[in-house]
Amino acid sequence: MSAQRYKWVGTRQNRPDGADKVTGRARFAADFNLPGELVGKVLRSPHAHANIRSIDTTAAARLPGVKAIVTGADFPEQPDQLLPAGEMQVNLRDVTRNIMAKEKALYEGHAVAAVAATTAAVAAEALSLIKVDYEILPHVIDVREAMKDNAPVLHAHMRTEGVKPAPDKPSNIAKRLEFAKGDADAGFAQAEVVIEREFTTEPVHQGYIEPHAALASASEDGQVQLWTTTQGHFQVRGFCCRLLDLETAQLRVTPSEIGGGFGGKTVVYLEPLAIRLSQRAGRPVKMVMSREEVMRASGPTSGGHVKVKLGARKDGSIVAADVTVALQAGAFAGSPVGPSCMCSLACYDIDNIRVVGFDVVSNRPKVAAYRAPGAPISAWAVESVVDMLAQELGIDPIDLRLKNAAKQGTKTHYGASFGVIGLVETLEAAKNSPHYRAPVKPGHARGVAAGFWFNVGADSSAAAQVGEDGTVTIISGNPDIGGSRASLALMAAEELGIDYNKVRPIVADTASIGFNFVTGGSRVTFATGLAVINATRDAISQLKARAAKIWEVDVEGVVWEEGEARPSSTNVGKFEPLSLAKLAASASRTGGPINGHAQLNAQGAGPGFGVHIVDLKVDMDTGIVTIDRYTAVQDVGTAIHPSYVEGQLQGGAVQGIGWALNEEYIYDKQGRLQNPGFLDYRMPVASDLPMIETVLVEVPNPTHPYGVRGVGEVPIIPPMAAIGSAIARATGVRMLDLPMSPPRLSAAIDAATPAMAAE
Amino acid sequence: MSKIHVTTTVNGEPTEFLCNATDTLLDVLRDELRLTGAKEGCGSGDCGACSVIVDDRLTCACLMLGAEAEGRRVLTIEGMAHGDQLHPLQKKFIEMAALQCGVCTPGVLIAAKALLDRNPNPTETEVRFGLAGNLCRCTGYDKIIRAVMDVAADQRETAR
Ligand code: FES
Ligand code: FES
């Protein structure tokens, strides 16, 4: 790593919330309670697709202890209007139906009513007394089935957007998109090798360990307080106000500590229900999802079907690409098919590209963002075919990628041209890594894959408040999901020139700081970091003005260095430096409190690229894959807190390993989820894994004062194809469908064995 | 339904509580005793977020009834530090960034303590299997495993 350029940035300090989090003191959403609170519970549809003819709540309402019941009728109709939800867009008309079904239940687990009662037992009994008259409809789960002409239609109003002429019949295809660069057909005509394959992925859940939970307290005067676990409490406020017809100033949302989100906590589920129930009951209402509810009713990411065709010359130059991506959106339109199409080929500088995407609804829970939404699905397919090209052409898979790598100035198929990016540096670092230089052990095989994510900027606000003793409180509004308090404090300490431990960062509620977009898109250290830097600089300029006032010189004559105001030169005069503590102590005599503020819309988020290397072995009889060694290499811009950057790479890689090898939603014939728990929805555990080595490549982002690039999303993109490629090299079988679980892999090996024997 | 009276020891303190026959130990800890450090990640014994130590045995508090705590000694994350001194595992987890969101951390720390109490000299594989009942979705386990091995090494060093 580069020589140390900074005093604090790039060092591994203890996180400010560390002690609270290792002692159980940190409060997550289910840890909040209020006097007099009621327990809220949700009645969910047992059917994958059904008309709701009527809901009879009379018997439930008569049960002693039941204080309020709500159904779809308690939430006003919403306009057909898109709002941003994390990195995705959602339609308000759909959001209100997703939190509580109106005319139809569209997936098993869809909320149809909610109850607030004095105890959990009473609430549960009340749910059993609610009579819902369902008319069961034919359902569709699979994305390719849902696209067929004769498939059961979920939404009578849905016409496929983006096709001409505009269709006059309803369809489950919400949208078709197309991106093109050059001339794909002409490109394939020049190709000497063409490989085409079709791949699938299953939906996978974000798998945060903390289930959704919310506590709402509505007052008789219309004011409401809400405590919830979310990646964006300002978004929660926005959604709840729209869905419940509240003014934003009436609703104060306080984020709890958040027990994982990965994109899945950028939307609302329980929050509007808890508020409505509290308004009806006149008492606080707490709602907590069970793990089963999380699995049945909160958003996984899409499953997909991806067709990839790549054409190359014998020297390895890729001359044409044709990709088609169809993603499940779940019950309502809005899969991450856009980013999936855009990211699919972004690692490569290819002249002729066509990418087509379809957004498809089916009778599954509405998808939510999951780490680099959409990108892993298309990358699984594209990177697998790139590896097949490398095999076919006899070229090292990293060399093949180096030959075709996107660079500064490369124009992507979605229109943007790259600025300063570090893909080549990342590929080279992968090639030179101890892992790649080590020989592959006998009986093992190695796979490599790359990944790309845009990273996000957007709106952030921050404040830097100077205390009377010269310590500084940094206030921002992004829930700290993985150490962001530490990285924000490091940048503030660097700017101020004071000790890291004299800076305390807090995550403020919606009434205590200006708007902040969600913790997501790998934006917090970049965008909120920029707001913190600017707020700190604002405080510093006030501090310099105070020093100038004390010294009776022009403010231009004062500089800020190492935590103190100094005269800029001897011409200004001979003055003893004034420390932050001294200036703070005299603040009321020099003009009052010193508080810096900043708010901005951050532009120029630096794109991120990663390359993963995996060594594994396959048990040919059982199909069990054992990962022996794993390395994640990534351009991280500048690692503000290297340990938490490494942690992002390691955590993302392991989520990708789970996606590759085990995780999937299993449905029965009635469209009911068969594995709504951690026993059967198997996420990686410690004994499944080796250490995850990391190589941090630092190609600073020129648009950020410290060169920050988002780091959180990229590491989930390469694992599936890296593992698939290693399996292909180990077994001779190229897997096309995820997950590559033992039963599927052993079946594929068995199916290929007679063919291989015959060759 | 009348409540059950239970006399037990929690984090070294003699403790009494009333619970329903169906309440889990986790319900009692969180809702009655207001010890919310143990988390409910699944309620089915699959995530380890609710880990506590009952009479020296690592236990999922979601799988044990509150009434079964009668006469036992229960240790929760709230009892892991000594006064104002963090347990070495707690310190090391902070220093080595062995947590991201931190929701799994109380359970992981309790499981790690149970492991080191039993086996002060574990191999990496033993640590991985010792913590295999604790799901962490954030970290990929790497820094957790390293932190536990580091504490074990430190403790062996001091013991010498
Ligand atoms: S809550 Fe007890 S094991 Fe998950
Ligand atoms: S740190 Fe988030 S689940 Fe372990």
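Side notes on the structure shown:
- Ratio Rg/Rh [Cα only; Rh per Kirkwood] for the range A:393-453: 1.05
- When chains A and B come together, the accessible area they lose, probed at 1.4 Å and totalled over both chains, is close to 3800 Å².
- FRET efficiency, 1/(1 + (r/R0)^6) with R0 22 Å, evaluated for A:D185 and A:K314 via beta carbons: 0.60
- Placing a label point 7 Å from the Cα of A:A747 along the Cα-to-Cβ line, no residue of the range A:92-123 has its backbone N under 18 Å from it.
- Occluded residues from the range B:78-103, i.e. those whose accessible area drops by 10 Å² or more once the chain is not alone (1.4 Å probe): B:E78, B:L86, B:Q90, B:I94, B:E95, B:A97, B:L99, B:Q100, B:C101, B:G102, B:V103
- With protein chains left intact and a 1.4 Å probe, residues in the range B:4-79 average 43 Å² of accessible area per residue.
- In this simple spin-label approximation, A:S219 and A:E196 carry label points 7 Å from Cα along the Cα→Cβ vector, and these lie 6.6 nm apart.
- Sorting B:H82, A:H205, A:H305 by accessible area puts them as B:H82, A:H305, A:H205; the probe is 1.4 Å, largest comes first, and only protein heavy atoms count.
- As a length-normalised measure over Cα pairs under 8 Å and 6 or more apart, the relative contact order of chain A settles at 15 percent.
- Taking every C-alpha pair closer than 8 Å and separated by at least 6 residues, the mean separation divided by the residue count of chain B gives a relative contact order of 23 percent.
- Alpha-carbon centroid distance for the pair the range A:416-473 / the range A:107-181, whole angstrom: 38 Å
- Residue-normalised accessible area of the range B:88-159, expressed per residue, 1.4 Å probe, Å²: 33 Å²
- Taken over the range A:538-651, lysine pairs spaced eight or more positions apart, or on distinct chains, with alpha carbons under 24 Å apart number 5.
- Centre separation in Å (Cα based) which lies between the range A:619-695 and the range A:247-267: 26 Å
- Restricting attention to chain A, close to 75% of DSSP beta bridges with both partner residues there are antiparallel.
- Mean projection area, nm², convex hull over Cα of the range A:283-430: 12.1 nm²
- Summarising the amide proton neighbourhood of A:T519: residues at separation of 5 or more, or on other chains, whose placed amide H is nearer than 5 Å comprise A:G232.
- Helices meeting the span-like rule in chain B (full DSSP H runs, Cα extent of at least 15 Å along the helix axis, mean Kyte-Doolittle score of 0.5 or higher): B:105-118.
- Pair A:L679, A:T570: separation of 7 Å Cα→Cβ label points (nm): 8.1 nm
- Volume in Å³ per residue [convex hull over Cα atoms, computed for chain A]: 176 Å³
- Förster radius 60 Å - calculated FRET efficiency between A:Q603 and B:F129 (Cβ-Cβ, nearest 0.05): 0.80
- Residues A:R5 and A:E392, FRET efficiency given R0 of 30 Å [Cβ-Cβ distance, rounded to 0.05]: 0.10
- Helices that extend 27 Å or more along their long axis by alpha-carbon positions and average at least 0.0 on the Kyte-Doolittle scale are, among the DSSP H runs of chain A, A:529-551, A:642-661.
- The spacing between the range A:35-70 and the range B:32-82, judged by their C-alpha centroids, is 32 Å.
- Approximate spin-label separation A:E425-B:D154, in nm, with each point projected 7 Å along Cα-to-Cβ: 3.4 nm
- Net charge in the neighbourhood of B:G102 (other residues with Cβ under 13 Å of its Cβ; Lys, Arg +1, Asp, Glu -1) is +2.
- Global form of the range B:88-159, assessed from the alpha-carbon gyration tensor, a/c cut-off 1.5: prolate
- Interface residues of the range B:131-157, defined as a loss of at least 30 Å² in heavy-atom accessible area between the chain alone and the complex of all protein chains with a 1.4 Å probe, are B:A132, B:L135, B:R137, B:C138, B:G140, B:Y141, B:D142, B:K143, B:R146.
- The translational diffusion coefficient of chain B, from Stokes-Einstein at 4 °C and 1.567 mPa s with a Kirkwood hydrodynamic radius over alpha carbon pairs, comes to 81 µm²/s.
- Rounded percent of accessible protein surface that carbon and sulfur make up, chain A, 1.4 Å probe: 50 percent
- Charge context of A:R291, other residues only, Cβ under 12 angstrom, K/R +1, D/E -1: -4
- Restricting the calculation to Cα atoms, every distinct pair contributes to the Kirkwood radius of the range B:4-79, found to be 11.9 Å.
- Intensity falloff of the range A:537-670 expressed as log10 I(q)/I(0), Debye formula with alpha-carbon point scatterers, at q = 0.20 Å⁻¹: -1.10
- Taking other residues whose beta carbon is less than 13 angstrom from the beta carbon of A:S417, and scoring Lys, Arg as +1 and Asp, Glu as -1, yields +2.
- Basic side chains Lys and Arg get +1 at the Cβ, acidic Asp and Glu get -1 at the Cβ, and with that the dipole of the range B:4-79 about its Cα centre reaches some 140 debye.
The values are calculated or read from the model by the stated rules, or taken from the named source; none is laboratory data. Being a predicted model, the structure only gives us computed values, none of them experimental. Here Cβ is always computed from backbone atoms with ideal geometry, including for glycine, and neighbour counts include all displayed protein chains. Surface areas here come from the heavy atoms of the whole protein model, side chains and all, with no ligands, DNA or RNA. Shrake-Rupley method; radii C 1.70, N 1.55, O 1.52, S 1.80 Å.
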